[in-house]
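Below: the structure, in structure tokens.
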Amino acid sequence: MSLRRLIRPIAIRTMVAWEWWQSGVTYNPLSPRVYTDPYPTYAALRAKDPVHWSPLMESWVCARYADVDAILRDHKRFSNDPRTRDLTRTRRRAAMEGMDPSMLFLDPPDHTRLRALVNKAFTPQTILALAPRIRTIMAELLDQIPDPTAFDLMETIAYPLPVIVIAELLGVPPQDHAQFKVWSDARARSLEPTMKPRERALAIEAGHALDAYFLNIIQARRKEPHRDLISALVAAEEAGETLSERELLVMLRLLLVAGNETTTNLIGNGMLALLRHPEQLQALRRDPSLMPAAVEELLRYDAPVQVDGRTTREEIEIGGRHLMQGQSVTLLIGSANHDADVFSHPQRLDITRKETSNLSFGRGIHHCLGAPLARLEGRVAFEMLLERFPHLCLLTEHPVFKDNVVLRGLKELPIGTMA
């Protein structure tokens, strides 16, 4: 074992101890206790130090709904581009390695220009037209479950459904869907601070593979356009300077990951929440018209995306704390969604909840482009699972979550039907 690997845990413990001494609370997202169940830590932050300095992350951590909401809306004073952060040289190099400036990490005017190109593909009306096809895909996946008395929801439904939908929307042929999922998983890990060096290398390798794959499709669509999103983006690229080929490739990477991982987590986290609250599950069975409200509550209760980030563009005060220009700000979306100042009894799952203004899809100019699609896929998945299996149950008391900080999701979810 190298000296660096021996020293690192000691350094982390020292920083965390100092953090607790300063504020009476710590935020260590690398701890299994936190990524397995972050909500007790969120509650402590909101109560003791809602605008909290984390020496481990070199970032201010915001835990209250009001602060998170305001910062997400304020793109003039808070940048989405992590390259502007005032990090140590080592942290900056690690953060930027292999990273392309996708729309997710850009500010206006580049963000405005790129987002305008794909907005039409994700309008509520356009997405609603996909509902019959999503139901067909879901029915096929349900039919393929080998043993309804015991199956893994993640493997059979939550993983394949979103990747098939986004692949078809982009124009990727069915025989490539499995490989698409492998690449998407590798790229999604690049968002996580828990990513290991080997995973970083795989993420970069997957990015190169995706570029090569998409270039072949782009060339084919230039010769013979189809009715798919890649063809539409190729047409925009050929029309002028609105989209370069490099920007087109980065956009396609982003759409793949964003259209896949978050919806997978909505389905997995949501079904786990329902099965752990059988009275809510039964209420939904009795009144299927509650499904849209239920999806919003499931998004709030255990958000697929727990953390977002910004960088201060200027000196600013938040919650009595003075933030310098160029400092990182970590926004705890999962914590904001459990703020009692906004949601009554936030720790309670309530599919009839009236407060529906959760932050799970963000706010402002970076509000999730695919939110209508994610909601539709989640609704179809839950509706058809409940229709097909009247007596679902959990087959484990302790399902294992991935060691993720940003994208909260399960490794597997063993469920089955009771006789």
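Taking R0 as 51 Å, what FRET efficiency do you get between Ala66 and His177 from their Cβ-Cβ distance, rounded to the nearest 0.05? Walk me through the numbers before you get to the answer.
Working: r = 42 Å, r/R0 = 0.82.
The value I calculate is 0.75.
Residue by residue through the stretch 173-188, which ³J(HN,Hα) values in whole Hz follow from phi under the Karplus form 6.51 cos²θ - 1.76 cosθ + 1.60 (θ = phi - 60°), with glycine and proline marked x?
In residue order, the calculated couplings are x, x, 5, 9, 4, 5, 5, 4, 5, 4, 5, 4, 4, 5, 5, 4 Hz.
To the nearest 20 debye, what charge dipole does the stretch 143-298 have about its Cα centre, counting +1 at the Cβ of each Lys and Arg and -1 at the Cβ of each Asp and Glu? Could you put the intermediate results ahead of the total?
Working: 15 positive and 23 negative charges, 47 e Å.
Here the size comes out at about 220 debye.
Tell me, how many Å apart are the Cα centres for the stretch 203-219 and for the stretch 241-270?
Measuring centre to centre over Cα atoms gives 14 Å.
Would you mind giving the average projected area, over all directions, of the Cα convex hull of the chain in nm² with one decimal?
Working: hull surface 84.4 nm².
For the chain, the mean projected area of the Cα convex hull comes to 21.1 nm².
Listed highest first by mean packing, meaning other Cβ atoms within 10 Å per residue, what order do 51-62, 265-276 come in?
Numbers: 51-62: 20.4, 265-276: 23.2.
In decreasing order of mean packing, 51-62, 265-276 become 265-276, 51-62.
Fully extended, how many nm does the chain gain between Asp143 and Lys48 (0.36 nm per residue separation, minus their Cα-Cα distance)?
Working: separation 95, 0.36 × 95 = 34.20 nm, distance 5.01 nm.
Contour length minus the Cα-Cα distance gives 29.2 nm.
So, R0 is 60 Å and r is the distance between the beta-carbons of His398 and Arg227; what FRET efficiency does that work out to, to 0.05? Please report the intermediate quantities before stating the final value.
Working: r = 46 Å, r/R0 = 0.76.
The calculated FRET efficiency here is 0.85.
About the Cα centre, and with charges only on the beta carbon of Lys, Arg (+1) and Asp, Glu (-1), how big is the dipole of the chain? Nearest 20 debye, please. All intermediate terms of the calculation are to be shown ahead of the outcome.
Values: 51 positive and 52 negative charges, 169 e Å.
Dipole of the chain, to the nearest 20 debye: 800 debye.
Excluding residues fewer than 8 places away in the same chain, name every one of the lysines whose C-alpha is closer than 30 Å to that of Lys196.
Lys181, Lys402, Lys411
Using the per-residue mean of other Cβ atoms lying within 10 Å as a proxy for protection, in what order, highest first, do the peptides 291-298, 189-196 fall? Provide the component values of the computation, followed by the final result.
Working: 291-298: 20.6, 189-196: 17.4.
Order by mean packing, descending: 291-298, 189-196.
Any chance you could run the full-extension gain for Ala17 through Leu215? It's 0.36 nm times the residue separation minus the Cα-Cα distance, nm to one decimal.
Full-extension gain reported as 66.3 nm.
Taken together, the values in this text are just the output of simple stated rules run on the coordinates, not laboratory data. This one's a predicted model, so the numbers in the text were calculated from it and none came from an experiment. Cβ coordinates were reconstructed from backbone atoms using ideal geometry, including for glycine residues, and neighbour counts include every protein chain displayed.
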